[in-house]
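Heads up: the structure comes next, in structure tokens.
The values are calculated or read from the model by the stated rules, or taken from the named source; none is laboratory data. All values reported here derive from a predicted model rather than from experimental measurement. As a convention, Cβ positions derive from the backbone with ideal geometry for all residues, glycine included, and neighbour counts pool all protein chains shown.
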Amino acid sequence: MQMPKDLAQATTPQAQIVIGSSQPLQPPFFAVSLLKLAVLSTCTFGVYEIYWFWRNWNRIRTHGEVNISPFWRAFFLVIYCYPCLVRIKQAGLSRGIAPAPPFGVLAICYVLAKISWRLPGAFGLIVFLSVIPLLPVQAYVNRINAAALPGHDPNSRFGVWNWIATVVGGILFMLAIIGSFMPNQ
């Protein structure tokens, strides 16, 4: 699979500089710490994962693939998970960032975890583990971002909305776990 406009070259800091632009340089992919990704994915019941894919597809579109719709690719993330991971891998390998995680295996694990909500009883809680395959991907993304734009904001701080989602979602998450182990009457 070939990337239009060579995503790796289009995302170098030199290629992003626009004379007279007041916008800060953006790393090639969505920057977020592993802890923040794991916590927000769990506490928002996977909604943050949709946001994560949407942000990464936006970056891919910005850097050459203008004929894609990030919203729909994030909405149908089970279908478009692997193509997103392939583009991340290609961008990293073209920059010489190795070793790359096994993206095919991670995509399969992610999709299986996402569809596990249909399993009976407490087995449906496997869906909350869907963030685990994204963690090596995000670690690789963070390495790509650091190579492309050293000193960028790693997005590791929790803002007010992040804390609200964590507290409210954390309470709901605990109630969901407790409820899944309650006997049916």
Going by the conditions given, is Lys114 of a type in the set (D, E, K, R), farther than 16 Å from Phe29 by Cβ and surrounded by 15 or more Cβ atoms within 10 Å (Cβ to Cβ)? yes
Take region 114-139 and flag every residue that is outside any helix (DSSP H, G or I) and closer than 21 Å to Pro102 by Cα. Ile132, Pro133
Options Val86, Val127, Val141: the member that is at pLDDT below 95, in contact with a Phe, Trp or Tyr (Cβ under 7 Å, 6 or more places away or on another chain) and β-branched (Val, Ile, Thr): Val127
Test of understanding: among Glu65, Glu49, which residue is within 26 Å of Trp161 (Cα to Cα), charged (D, E, K, R) and touching a residue at least 40 places away in the same chain (Cβ under 8 Å)? Glu49
Scan region 139-151 and tell me whether some residue there is over 16 Å from Pro27 (Cα atoms) and surrounded by 13 or more Cβ atoms within 10 Å (Cβ to Cβ). no
Select from region 84-104 the residues that are exposed (fewer than 15 other Cβ atoms within 10 Å of the Cβ) and within 16 Å of the chain's Cα centre (by Cα) and list them in ascending order. Pro102, Gly104
